[in-house]
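Peer 1: Handing you a structure now.
Each value in this text was obtained by applying a stated rule to the coordinates, not by laboratory testing. None of these values were measured; they are calculated from a predicted model. As a convention, Cβ positions derive from the backbone with ideal geometry for all residues, glycine included, and neighbour counts pool all protein chains shown.
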Amino acid sequence: MHPLRTQIGHLYKADHQALAPAQQAEGSRNGAAFDVSKYGSGTLVVNVGTVAGTPSATSLTYTLEASPDGTNGWAPLKNADGANVALTFTAGGACKELDFDLQYANAEHHFLRVVETVDFTGGTTPSVVAGATLVLGGGQRLPL
């Protein structure tokens, strides 16, 4: 059997918990900053639990932002079409992924974070448990 079918762990790094799973009401939160200077691409993976409080509408949006130092100068990561890299949910109880290419980040921006924005319409104190992970690939060296 070909090693790429059974031994793929060296091709990616999947331990970047961008946003820890947490009960979220309306609002936004910024994830931790990760140095992605040694990677070429990645996948944003988001898990969203069941929505509580029976809102009439739900919107969760996850965007990626890049920064030169991981603290200041955050700017949206763009895709090949020049649009912001974003993953949107209109209901809970789902898992989605979105591939992104770091070649579209500003050359000086070596840090990446996930921004979560939660919006509900109506309901009685609506909330949802959600979390995000960054899986990075195209590394310039093998992960340890």
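Peer 1: Show me, for segment 69-74, the HN-Hα J-couplings you get by feeding each phi into the Karplus relation (A = 6.51, B = -1.76, C = 1.60, θ = phi - 60°), rounded to Hz, glycine and proline as x.
Peer 2: 10, x, 10, 10, x, 5
Peer 1: Any idea what diffusion coefficient segment 69-144 gets from Stokes-Einstein, in µm²/s, Kirkwood Rh on alpha carbon pairs, 20 °C, 1.002 mPa s?
Peer 2: Taking Rh from Cα pairs, D becomes 140 µm²/s.
Peer 1: If we count every other residue with Cβ under 12 angstrom of ALA57's Cβ, Lys/Arg +1 and Asp/Glu -1, where does the sum land?
Peer 2: Result for the local shell: -2.
Peer 1: Taking the Cα centre of segment 27-137 as origin, sum charge times position over the Cβ atoms of Lys and Arg (+1) and Asp and Glu (-1), and report the length of that vector in debye to the nearest 20.
Peer 2: Working: 5 positive and 10 negative charges, 46 e Å.
Around 220 debye, computed over segment 27-137.
Peer 1: A further question follows. Estimate the FRET efficiency between ALA52 and GLU108 by the formula 1/(1 + (r/R0)^6), using the beta-carbon distance for r and 35 Å for R0, to the nearest 0.05.
Peer 2: Details: r = 42 Å, r/R0 = 1.20.
The formula returns an efficiency of 0.25 here.
Peer 1: Around PRO68, with a cut-off of 12 angstrom between Cβ atoms, what is the net charge of the other residues, counting Lys and Arg +1 and Asp and Glu -1?
Peer 2: Details: positive: none; negative: ASP35, GLU65, ASP69, GLU108.
So the environment of PRO68 carries a net charge of -4.
Peer 1: Averaged over all directions, how much area does the convex hull of the C-alpha atoms of the chain cover when projected, in nm²?
Peer 2: Across all orientations, the chain yields a mean hull projection of 9.9 nm².
Peer 1: Under a no-solvent Debye model with one identical scatterer per Cα of segment 32-104, what's log10 I(q)/I(0) at q = 0.13, 0.15, 0.21, 0.28 Å⁻¹?
Peer 2: -0.47, -0.60, -0.97, -1.33
Peer 1: Evaluate the distance, in nm, between pseudo-label points positioned 7 Å from the Cα of ALA14 and of THR125 along their respective Cα→Cβ axes.
Peer 2: Reported label-point gap for ALA14 and THR125 is 3.7 nm.
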